[in-house]
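Worksheet: the structure to be examined is printed underneath.
Only the coordinates and a few stated rules stand behind these numbers; no lab work does. Nothing here was measured: the structure is a model prediction, and the numbers come from that model. Ideal geometry is used to build each Cβ from the backbone, glycine not excepted, and the neighbour counts take in all protein chains shown.
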Amino acid sequence: MLDQFSRTQLLIGKEGIDKLAASRVAVFGIGGVGGYVCEALVRSGVGEFDLVDDDKVCLTNLNRQILATRKTVGKYKAEVMAQRMTDINPSVKINIHKCFFLPENADRFPFGEYTYVVDAVDTVTAKIELIMRARAEGTAVISAMGAGNKLDPGRLRIADIYETSVCPLARVMRHELRKRGVESLKVVYSDELPTRPVEDMSISCRTHCICPPDAKHKCTERRDIPGSTAFVPAVAGLLIAGEIVKDICAG
């Protein structure tokens, strides 16, 4: 019977469609990268999601985040993304977690029930905890390295963490994972040298913060505020989604 996934079924077959429908993917970080992961996976037919993010849409997100519009500014990203995904596939099941993932609350998440974990968070501490929790349960995980301060989406790569180069975040992650005995990790990273952001205080979030007034985590709390584009995070997210679909269908 013809349905919204028929064109995908022409490529991956009915067995692939069934595997995706039976899968549960947890996406930690629903921003520039994570939003496109969700978009592509729900359009591919993944049946269940856990969306983890405590942030609200900010005006500065409109340049790169698929869930960000003038109408969604000030709303929780996880809720906005969930509504968008339900509009695409009314049958999808979505579990919303409006929180910032930390080692302190990691026990709240059923890593053993996930088919795949997407690490699209920004902090090293959270990334490490996510990876270690997923590995302890034998759950597949893919991690996004730095997408900020990059201009060339053609330099993005899928690789093992120990095959990465140039990316400063990947360098830190290699060091931390090696200390913990992690021998491999699938990541998306860019081998493009980062562009140094223009120092223009007239458009700096440091002095002109426009985060929603009740936002729990504001730009002014960050040590560095990277520049960003519409296309680099999007391509990173689509690459991650493609790997997940491929791995689930092959499993």
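In order along region 36-51, phi translates into HN-Hα couplings of 6, 4, 4, 4, 6, 6, 5, 6, 8, x, 4, x, 8, 9, 10, 9 Hz, rounded to whole numbers, per the Karplus curve 6.51 cos²θ - 1.76 cosθ + 1.60 with θ = phi - 60° and x for Gly and Pro. Residues whose amide H falls under 5 Å from that of ASP50, counting only those 5 or more places apart or on a different chain, are VAL25, ALA26, VAL27, ASN95, with hydrogens built in the peptide plane. If both residues of a DSSP beta bridge must be in the chain, then about 20% of such bridges are antiparallel. Each residue of region 163-180 is assigned a 3J(HN,Hα), and the resulting list reads 9, 7, 8, 6, 4, x, 5, 4, 4, 5, 5, 4, 4, 5, 6, 4, 4, 9 Hz, derived from the Karplus form 6.51 cos²θ - 1.76 cosθ + 1.60 (θ = phi - 60°), x at Gly and Pro.
With helices as the sole contributors, the chain gives -10500 deg cm²/dmol at 222 nm; each DSSP H run of n ≥ 4 counts as -39500 (n - 2.57), and the sum is divided by every residue. Fully extending the segment from ARG155 to GLU176 would add 5.1 nm, taking 0.36 nm per residue of separation and subtracting the current Cα-Cα distance. Counted residue by residue at 0.36 nm each, then reduced by the alpha carbon distance between them, the extension gain from ILE96 to ALA21 reaches 25.2 nm.
For a Förster distance of 22 Å, can you work out the FRET efficiency between the beta-carbons of TYR162 and VAL124, rounded to the nearest 0.05? E between TYR162 and VAL124, to the nearest 0.05, is 0.85. Using a simple spin-label model with pseudo-atoms 7 Å out from Cα toward Cβ, GLU104 and ASP224 lie 2.6 nm apart.
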